[in-house]
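Report on the following structure.
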Amino acid sequence: MFTEKKEKQSQVLERNVIGKNTSIVGDIISEGDFRIDGKVAGTIKTIGRVIVGKTGSIEGKVECDNADIEGEFSGELLVKNILTLKATAKISGDVVISKLSVEPGAQFNATCSMKGAIKELKNGQAKKEKTA
C-alpha cells in the first residue's frame, strides 16, 4: 500500500538537463522535468515541468503540465496548468494554457488561448449533461 506512493513519486522526480553549450534537433518524450539552458529545435512532450533558462531557447512544439520561461520560445506551446514568463522571456507563436503569469518586461508576442479546467473524455468529446 505504501510502496505504491513511493514508486509514483520517484518517477516524477526525474530531471533532464540540456546544458548551455548543447544543441538538440529532434523530438524528445519523457515523463520527467526538463531544464533547458541550450538550444532545442523540435518537439518536447512531458507530463512534468519545462524550464527554459536565460540562455535557453526552443523552436518547435512543447506539450507539458507547467512551464517557466526565462529565455526564448518560438512555436506552439501547450501547457495544461501554469505558464510563468519571467522578465527576460521572449515568446512568439501559438500558446494554449490554463493559467498565465507574466512578469513586467517579458515579451509575449503570441496568439493565446486560455482553456479552463476542461476535462476531455477518451473519445475527445466534452461530456454533456442530461436535463429533466
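The values are calculated or read from the model by the stated rules, or taken from the named source; none is laboratory data. Model, not experiment: these values are computed from the prediction. Glycine also receives a Cβ, built like all others from the backbone with ideal geometry; neighbour counts cover every protein chain displayed.
Would you pick out the residues in the range 17-32 that are of a type in the set (Asp, Glu) and touching an Asp or Glu at 6+ places or on another chain (Cβ under 8 Å)?
Glu31 - this is the single residue of the range 17-32 that is of a type in the set (Asp, Glu) and touching an Asp or Glu at 6+ places or on another chain (Cβ under 8 Å).
Before we move on, is Gly32 among the small types (Gly, Ala, Ser), over 20 Å from Leu83 (Cβ atoms) and either within 15 Å of the chain's Cα centre (by Cα) or modelled with pLDDT of 90 or more (or both)?
So Gly32 fails the test.
Check off (1) among the small types (Gly, Ala, Ser); (2) surrounded by fewer than 16 Cβ atoms within 10 Å (Cβ to Cβ); (3) closer than 24 Å to Glu14 by Cβ for Gly48 and give me the number that stays unchecked.
Among (1) among the small types (Gly, Ala, Ser); (2) surrounded by fewer than 16 Cβ atoms within 10 Å (Cβ to Cβ); (3) closer than 24 Å to Glu14 by Cβ, the lone unmet condition for Gly48 is (2).
Are any of the residues in the range 92-104 touching a residue at least 12 places away in the same chain (Cβ under 8 Å), of a type in the set (D, E, K, R), within 11 Å of Val52 (Cα to Cα) and outside any strand (DSSP E or B)?
So far as the range 92-104 goes, no, none of its residues is touching a residue at least 12 places away in the same chain (Cβ under 8 Å), of a type in the set (D, E, K, R), within 11 Å of Val52 (Cα to Cα) and outside any strand (DSSP E or B).
I want to confirm something. Restricting to the range 10-57 and keeping residues that are touching a strand residue (DSSP E or B) at 6+ places or on another chain (Cβ under 8 Å) and basic (Lys, Arg), which single residue is farthest from Glu76 (Cα to Cα)?
Arg15
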